[in-house]
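Below is one structure, written out as structure tokens, with a few remarks after it.
The values are calculated or read from the model by the stated rules, or taken from the named source; none is laboratory data. What you are looking at is a predicted structure, and each value in this text was computed from that prediction instead of being measured. Neighbour counts are summed over all protein chains in view; Cβ atoms, including those assigned to glycine, are modelled from backbone coordinates with ideal geometry.
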Amino acid sequence: MLHVLIVEDEKPISNLIRLSLSKEGYHCTCAYDGAGAADLLENNQYDLILLDVMLPEIDGFELMEYIRPLEIPVIFLTAKASVQDRVRGLKLGAEDYIVKPFEVIELLARIDVVMRRYKKQDMILEVGGLRIDTGSMQVWREGAEISLTKTEYELLLLFARNPRRAMYRETIYERVWGEEYPFGSKAVDLHVQRLRKKVGWEHCLQAVNKVGYRLEVGG
């Protein structure tokens, strides 16, 4: 499980990020000022830092000077929207710079990109009788490669990374299609039906009443 440090002094925003990431399988720790974040970094290891700029005691830009030698990827989340601030943040070594307000779905997508860049995500997944190479985007069952469309592959990867977790149709649609779920859409159901048949998940990719779907696998 990837460990994320959220450094944000506004607790409602911090809690929203923590809850959203926890639902996606991340383990999160929160710090509410720069000094507290520095203390946590001294005694713990993290896979990613989400960092506000305007913090009490030590601001995010100053804290970045401390973080840089640790070689932990950083994404700035801040209301400081000027080009000068963006350039400064990126030149200090941040992987990305997101201006508030932002949509959680965009944050999750950007985190996923950074984690892949740092190869923090598992390159090979073995789940439900499948072998998935996330680098080459290839899928095999019993040595035979399975041909999937891009959407089917993204759907497969979402379930493979979240086994035994009931996922709402809205969440599935937003993560795979990258846009807000259209009320009443059958896109998720149709793609799940096709995916089940293609990869042999007729029994383990289960419908959850009034929710969506869950991949039920052992382990």
ask   = Does LEU107 qualify as being surrounded by 13 or more Cβ atoms within 10 Å (Cβ to Cβ), touching a residue at least 40 places away in the same chain (Cβ under 8 Å) and not acidic (Asp, Glu)?
value = yes
task = Please name all residue pairs, on different chains or six or more residues apart, with Cβ atoms under 6 Å, provided the first residue is in the stretch 161-174 and is crowded, with 19+ Cβ neighbours inside 10 Å and assigned to a helix (DSSP H, G or I) and the second residue is of a type in the set (Ser, Thr, Tyr) and modelled with pLDDT under 90.
result = TYR173/TYR181
query = GLU180 fails exactly one of the following numbered conditions: (1) surrounded by 12 or more Cβ atoms within 10 Å (Cβ to Cβ); (2) under 24 Å from the mean Cα position of the chain (by Cα). What is the number of that condition?
reply = (1)
remark   = Given (1) under 17 Å from ALA31 (Cα atoms); (2) assigned to a loop (DSSP other than H, G, I, E, B); (3) at pLDDT 90 or above, GLU57 misses just (3)
message = Restricting to the stretch 136-160, give me the number of residues that are charged (D, E, K, R) and touching a residue at least 40 places away in the same chain (Cβ under 8 Å).
response = 2
request  = Name the residue, out of ILE49, ILE67, ILE58, that is assigned by TED's automatic domain parsing to the domain that holds LEU92 and either under 23 Å from GLU106 (Cα atoms) or among the small types (Gly, Ala, Ser) (or both).
outcome  = ILE49
key: Number of the condition not met by ILE6 [criteria: (1) loosely packed, with under 15 Cβ neighbours inside 10 Å; (2) not in a loop (DSSP other than H, G, I, E, B)]   = (1)
request  = Mind telling me which of the residues ASP52, ASP47, ASP59, ASP33 ends up being acidic (Asp, Glu), in contact (Cβ under 8 Å) with a residue 40 or more places away in the chain and more than 21 Å from ARG117 (Cα to Cα)?
outcome  = ASP52
query = Cβ-Cβ below 7 Å, separation at least six or inter-chain, first residue in the stretch 194-206 and basic (Lys, Arg), second assigned to a strand (DSSP E or B): which pairs?
reply = ARG196/LEU205; LYS198/ILE146
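Would you tally the residues in the stretch 85-144 being assigned to a strand (DSSP E or B), at pLDDT 85 or above and touching a helix residue (DSSP H, G or I) at 6+ places or on another chain (Cβ under 7 Å)?
8
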ask   = If a residue has to be crowded, with 17+ Cβ neighbours inside 10 Å and charged (D, E, K, R) to count, how many in the stretch 10-49 make the cut?
value = 4
remark   = Out of (1) among the charged types (D, E, K, R); (2) at pLDDT 95 or above; (3) loosely packed, with under 12 Cβ neighbours inside 10 Å, the one ASP52 does not meet is (3)
